[in-house]
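Beneath this line is the structure, given in structure tokens, with notes to follow.
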Amino acid sequence: QVQPVESGGGLVQAGGSLRISCAASGSIFRRNVVAWYRQAPGKQREMVADITSGGSTSYADSVKGRFTISRDNAKNTVYLQMNSLKPEDTAIYYCKVGFGLWGQGTQVTVSS
């Protein structure tokens with residue numbers, strides 16, 4: 001198995017948008033659920049969104065209507081489009097493929 005790699009994190013003002021990416025082996029992505037988690041300082045890691053191999057999606061209540069997860073198998077990549085960002089969205093965002101293949105995370109910071 002190959003560790004997924006996150007990218008696209010950065011600093012954005014409240015109300016702004018950011019898209020982060022998770023890339024890994026095409027076969028791994030096509031066979032498994034891919035999920036985004038996040039962890040803020042002093043808080044537990046929480047699931048943000050996930051997408052199945054068939055394209056079904058789910059979202060945490062805190063991000064519904066603002067975040068969109070999508071999959072592009074041709075590019076071996078899953079995206080998380082984050083709109084209307086809030087300071088409380090500040091966290092390290094991690095990609096998880098299947099049951100236990102984690103990336104190293106990408107930092108998203110939303111300034112107030």
note = Over the range 78-90, the set of residues more than 14 Å from Ser17 (Cβ to Cβ) and under 11 Å from the mean Cα position of the chain (by Cα) is Val78
message = Can you name every one of the strands (runs of 3 or more DSSP E) wholly within the range 57-105 that holds 3 or more residues which are touching a strand residue (DSSP E or B) at 6+ places or on another chain (Cβ under 6 Å) and surrounded by 15 or more Cβ atoms within 10 Å (Cβ to Cβ)?
response = 67-72, 77-82, 91-97
All positions within the range 1-32 that are at pLDDT 95 or above, open to solvent by 30 Å² or more (accessible area, probe 1.4 Å) and either part of a loop (DSSP other than H, G, I, E, B) or touching a Lys or Arg at 6+ places or on another chain (Cβ under 6 Å) (or both) = Gly8, Gly9, Ala14, Gly15, Ser17
key: Among (1) farther than 18 Å from Leu85 by Cα; (2) acidic (Asp, Glu); (3) open to solvent by 60 Å² or more (accessible area, probe 1.4 Å), the one test that Asp50 misses   = (3)
query = Out of the residues in the range 80-91 that are out of contact with any Phe, Trp or Tyr (no Cβ under 8 Å at 6 or more places or on another chain) and touching a residue at least 60 places away in the same chain (Cβ under 8 Å), which is farthest from Gly15 (Cα to Cα)?
reply = Pro87
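The values are calculated or read from the model by the stated rules, or taken from the named source; none is laboratory data. The shown structure was predicted, so the numbers you read here are calculated from the model rather than taken from an experiment. Heads up, the Cβs are rebuilt from the backbone with ideal geometry, glycines too, and the neighbour counts pull from every protein chain shown. Remember, those area values only see protein heavy atoms, side chains included, never the ligands or the DNA or RNA. Shrake-Rupley method; radii C 1.70, N 1.55, O 1.52, S 1.80 Å.
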